[in-house]
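Here's the structure we're looking at; comments come further down.
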Amino acid sequence: MSTLDINNIGEFLAHAHALEAEAASQYADLAEQMEVHNNTEVAELFHKLAEIEGKHIGKIDDKAGDTPIPHIPPWEYKWEGGQSPEAVVDMDAHYMMTPHHALRMSLKAEERAADFFQRIADNTTDEEVRSLSAEMAEEERDHIKWLNEWLKKYPEPENGWDEDMDPPMLQE
Amino acid sequence: MTAETALAPKHSPRDYKSDIKPVWCPGCGDYSVLGSITKAFSELNLDPENVAVISGIGCSSRIPAYTDCYGFHGVHGRSLPLAAGLKVARPDMTVLVASGDGDGFSIGGNHFMHACRRNVDLTYVVMDNRVYGMTKGQASPTTEPDWDNALTPGGSGISPFRPLVIALAAGANFIARGFSGDQNGTAKLLKEAIEHPGFSFVQILSPCVTFRPDQKTWKDDVHDAAVDPTDEIGRAARRLMTDDGFNTGVLYKGEREAFQPPIGEATATVADLEGKFAL
Ligand SMILES: Cc1ncc(C[n+]2csc(CCOP(=O)(O)OP(=O)(O)O)c2C)c(N)n1
Ligand code: SF4
């Protein structure tokens, strides 16, 4: 894994804001997809996750206060592999997915986010970045705990959860 | 100050998304391509009223409904003539054409070649999933000959169409390949394609998770092109002829001047023209 060097508070806040904003928008999109496919239980769950991420954006903006945050084009963030660490892998989505699958997807994303913030905290030369990034890493770890608790309510479904006797048709 | 500073683009990617909820299968690569398109528009600071997204028919061709700018969801395979007509009449607009491998290379194959040849300043995005998704999984021109499924038992046995090679031979001025799993990298490619004058062709490998679940492994197959873009056509030809189909990046950047006929005075109003077609 490559090292991450973010040594400027503006750059750090831009990354933190983009990471949460992307996650919120992705969860909102996934919620919409589930609504379209009438998977209301998972839609609700994704809406809830979007709401939580939305609150994080507010928190980051509060922390930013008067600090100017530079605009960074999406492809110039220091994300490993080019995508935000908190982005879920949407190829894993399925119209019949269960809350278990959704929570697992989210858990992986939170783990990547915690690792991202921790690596910044470990590598930075800027004290303000270090303390804020360590705080964010801690918050992400809290989410991981909370998602794991939530997952206990939704054990892995048995094989065949994706069998559809009447698959949807899209024709024009 | 919040994250929206003075330096940020005028419109966020979300501003280019319509309120219509996509009906694609969850997991489809086209969601991510839509995200790349809106990110590219945002970074280019385009005003939605100066952008048109034109398409034919297919799952991938639904994009005009999901974008909030001008749009036209046209007839199967005919997006390119529509878009070329619009662009030559309104050269001030940014025109992006969205298509699939069936729409673009089967029924629209002839338009594809001539659009490359004409070199009108368009960006042609083909979401290639090597299958007809919308009509439930028939083989397309880019399908592997040994793709064995219920509709082509044992595979079609037909050698696949090579869109990038054809685009180069026919005269496209910009050729690139992206992958839907790399939304940000693809947004960058699209920005470059839109900025480059003339006909820009971007093939985006975009898995159809429903009829080609095997394409989920594409994330391990794609790799950055090992060489920088070239404007030298011979070198580009050698590169594309030996391409493994998974090189991503800008593969050719030509210098041909875009085709733009002079715009004369209008000789008729839209109402006059409509009158001629009245039954
Ligand atoms: C004139 C005409 N012929 C055939 C069809 C049926 N048809 C609809 S979409 C499609 C193929 C779409 O495949 P592709 O362009 O690869 O798009 P995808 O759905 O995979 O995104 C076909 C053959 C049609 N709508 N109109
Ligand atoms: S059928 Fe395939 S191409 Fe069409 S929406 Fe579903 S996954 Fe996407």
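Where a number appears in this text, it was derived from the coordinates with a stated rule and is not lab data. Computed from a predicted model, the values in this text were never measured in an experiment. Here the Cβ is made from the backbone with ideal geometry for all residues, glycine too, and neighbour counts use every protein chain on show.
Considering only C-alpha atoms, what is the centroid distance from segment B:114-130 to segment A:33-54, in Å?
So the two Cα centres are separated by 36 Å.
Could you go through segment B:50-60 in sequence order and give the Karplus-derived ³J(HN,Hα) for each residue, using 6.51 cos²θ - 1.76 cosθ + 1.60 with θ = phi - 60°, rounded to whole Hz, and x for Gly and Pro?
Each residue of segment B:50-60 in turn: 10, 10, 10, 10, 10, 8, x, 10, x, 4, 4 Hz.
So how do B:D103, B:D148, A:D5 line up by other beta-carbon neighbours within 10 Å, fewest first?
By the 10 Å Cβ count, ascending, the order reads B:D148, A:D5, B:D103.
Return the average number of partner chain Cβ atoms within 10 angstrom of each residue Cβ along peptide A:87-98.
Averaged over the peptide's residues, the number is 5.
Work through the residues other than B:N45 whose Cβ is under 11 Å from its Cβ and net out their charges, Lys, Arg +1 and Asp, Glu -1.
Within the 11 Å Cβ shell, the charges total 0.
On a full-extension model of 0.36 nm per residue, what is the gain between B:K136 and B:E257, subtracting their alpha-carbon distance, rounded to one decimal in nm?
Length gained, B:K136 through B:E257: 39.5 nm.
For the protein assembly as shown, just the Cα atoms, rotate onto the principal axes and tell me the three extents in Å, largest first.
66, 53, 50 Å, listed from the longest principal axis down.
Placing +1 at every Lys and Arg Cβ and -1 at every Asp and Glu Cβ, with all other atoms neutral, what dipole size does the protein assembly as shown have around its Cα centre, in debye to the nearest 20?
Approximately 1580 debye in magnitude.
For a footprinting-style exposure proxy, rank B:H73, B:H114 by other Cβ within 10 Å, fewest first.
B:H114, B:H73
What is the Å³ per residue value for the convex hull set by the Cα atoms of chain A?
Convex hull of Cα atoms, per residue: 136 Å³.
Once you place label points 7 Å from the Cα toward the Cβ at A:W146 and A:D166, how far apart are they in nm?
The two pseudo-label positions are separated by 3.8 nm.
Under the definition of partner shielding as Cβ atoms of other protein chains within 10 Å of a residue Cβ, what is the mean value for peptide A:28-34?
Whole-number average of other-chain Cβ neighbours for A:28-34 is 4.
Quick one: compute the contact order of segment A:21-111, relative version, from alpha carbon pairs under 8 angstrom and 6+ residues apart, as a percent.
35 percent
Among B:A226, B:G100, B:L190, whose Cα projects farthest towards the positive end of the dipole of segment B:24-276, with charges put on the beta-carbon of Lys, Arg (+1) and Asp, Glu (-1)?
Of the candidates, B:G100 comes out farthest on the positive side.
To make sure I understand the rule: partners must be aspartates and glutamates, Cα under 12 Å from the Cα of A:K78, and not fewer than 8 residues away in the same chain. Which ones qualify?
In chain and number order, the partners are A:D5, A:E11.
Normalised by the number of residues in segment B:24-276, what is the relative contact order in percent for Cα pairs under 8 Å and 6+ residues apart?
It comes to 20 percent, rounded to a whole number.
Work out the charge dipole of the protein assembly as shown with +1 on the Cβ of Lys and Arg and -1 on the Cβ of Asp and Glu about the Cα centre, then indicate which of B:V23, B:S140, B:V202 is farthest towards its positive end.
The residue sitting most towards the positive pole is B:S140.
Of the options A:I60, A:P157, A:A102, report the single residue whose Cα projects farthest towards the positive end of the charge dipole of segment A:1-159 (beta-carbon charges: Lys, Arg +1; Asp, Glu -1).
A:P157
What relative contact order, as a whole-number percentage, does chain A give when Cα pairs under 8 Å and 6 or more residues apart are counted?
For chain A, the relative contact order is 27 percent.
Would you look at the GNM of chain B, springs on alpha carbons closer than 10 Å, and say which of B:D92, B:D101, B:D47 moves the most?
Judging by the Gaussian network model, the answer is B:D92.
For B:V165, what is the net charge nearby, where nearby means another residue's Cβ is under 15 Å from its Cβ and Lys, Arg count +1, Asp, Glu -1?
That works out to +2.
Longer than 21 Å from Cα to Cα, which of A:K48/A:K153; B:K10/B:K188; A:K108/B:K188; A:K55/B:K188 are they? Say none if no pair is.
A:K108/B:K188; A:K55/B:K188
Using only Cα atoms, what Kirkwood radius does segment B:24-276 have, in angstroms?
By the Kirkwood definition, the hydrodynamic radius is 18.3 Å.
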